[in-house]
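Enquirer: Below are the structure tokens for one structure; questions will follow.
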Amino acid sequence: YPGFGRNWDDEIFRKYILGYLSRESRILDLGAGRGNVAQMNFRTLVAHVAGVDVDAAVLDNPFLDSAEVIRIDDGRIRYDDGEFDVVFSDNVLEHLLDPVATLREVRRVLKPGGVFLAKTPNKWHYMPLVARATPLWFHRFYNRMRGRSETDTFPTVYRCNTRGAITRVAEAAGMSVEAVAFIEGRPEYLRMMAPTYLLGWVYERIVNS
């Protein structure tokens, strides 16, 4: 996979987001975290970048001009109605206990005609299938093997992770789905050894055929 570098999926997502931005844009990173994905840094390209997260680490995110911590049992985004041109989330939808409530908040803070973009795993991909069948401690152990910090591994529920679920949740939140893109690239979760990587390669070729 010579065309796939580190964080290749975030590079693709960044290009989608850039297509909706201008110098005057006010944007919100939903689930911004500590700012450890460089591709989600738009600070010098737009008028204002805000971020929210349930983790207080968001307050130290260097990619943001302003940040707020939201309660997981509340989910209310503490910004004004119609404040943002674009809201985006990078690997967040799979963690939402009440995705309809969250998207209603996204709709509220978006300006009329505003856009929400999200990157999230497909519920029927092998990675979420394994994740749903195993406990959180295993996820943290596996991610540690992949070189990812345990502190950045959170519980997943996958309640908005199929085309049908996305459509239902969006409609319930008063939004409409413009497009859903299915993207399968380098087998990131099977890179530990040659046999698993071969399985991932076969899966990728079948899916993309």
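The values are calculated or read from the model by the stated rules, or taken from the named source; none is laboratory data. The model shown is predicted, which means the values in this text are computed figures rather than measured ones. All Cβ positions, even for glycine, are placed from backbone atoms using ideal geometry, and neighbour counts span all protein chains on display. All accessible areas refer to the heavy atoms of the entire protein, side chains included, with ligands and DNA or RNA removed. Shrake-Rupley method; radii C 1.70, N 1.55, O 1.52, S 1.80 Å.
Enquirer: Pop out the Kirkwood hydrodynamic radius of segment 3-57 from its pairwise C-alpha distances, inverse of mean 1/r, in Å to one decimal.
Expert: Working: mean 1/r = 0.0827 Å⁻¹.
Every distinct Cα pair counted, the radius reaches 12.1 Å.
Enquirer: Let me ask something else. Across the chain, where is the longest run that never hits GluC sites (Glu not before Pro) in a DSSP loop with at most 11 other C-beta atoms within 10 Å?
Expert: Details: sites that count: Glu24, Glu178.
My reading of the result: 25-177 is the longest stretch.
Enquirer: Just Phe84, Phe42, Phe182 to compare: in a GNM of the chain, with alpha carbon springs under 10 Å, which one fluctuates most?
Expert: Evaluated over the chain, the most mobile residue of the options is Phe182.
Enquirer: Sort out the exposed loop trypsin sites (Lys or Arg not before Pro) in the chain (DSSP loop, at most 15 other Cβ within 10 Å) and tell me the longest stretch that has none.
Expert: Numbers: sites that count: Arg6, Arg23, Arg43, Arg71, Arg76, Arg78, Arg146, Arg148, Arg191.
That gives 79-145 as the longest site-free run.
Enquirer: Helix 99-109: angle to the longest alpha-carbon principal axis of the chain, degrees 0 to 90, nearest 10?
Expert: So the helix axis and the longest Cα principal axis differ by about 40 degrees.
Enquirer: How many Å² of accessible area per residue for the chain, probe 1.4 Å? The partial results should precede the final answer.
Expert: On the way: 11720 Å² over 209 residues.
Value for the chain: 56 Å² per residue.
Enquirer: How many percent of the accessible area of segment 9-111 is carbon or sulfur, using a 1.4 Å probe?
Expert: 47 percent
Enquirer: Can you give the FRET efficiency to the nearest 0.05 for His125 and Ala56, using r as the Cβ-Cβ distance and R₀ = 35 Å?
Expert: Computed FRET efficiency for His125 and Ala56 comes out at 0.70.
Enquirer: Here's another thing I want to ask about it. Specify which residue in the list Asn61, Ala172, Phe4 is farthest towards the positive end of the charge dipole of the chain, using unit charges on the beta carbon of Lys, Arg (+1) and Asp, Glu (-1), about the Cα centre.
Expert: Phe4
Enquirer: Follow-up question, since we're still on this one. Treating the beta-carbon of each Lys and Arg as +1 and of each Asp and Glu as -1, no other charges, what is the dipole magnitude of segment 1-133 about its Cα centre, to the nearest 20 debye?
Expert: On the way: 17 positive and 20 negative charges, 71 e Å.
I would put it at about 340 debye.
Enquirer: Based on the Cβ-Cβ distance from Ser209 to Val177, what FRET efficiency comes out when R0 is 22 Å, to the nearest 0.05?
Expert: Working: r = 26 Å, r/R0 = 1.17.
Approximately 0.30, to the nearest 0.05.
Enquirer: How tilted is helix 8-18 with respect to the longest principal axis of the chain? Cα atoms for both, answer in degrees (0 to 90, nearest 10).
Expert: Helix 8-18 sits at roughly 20 degrees to that axis.
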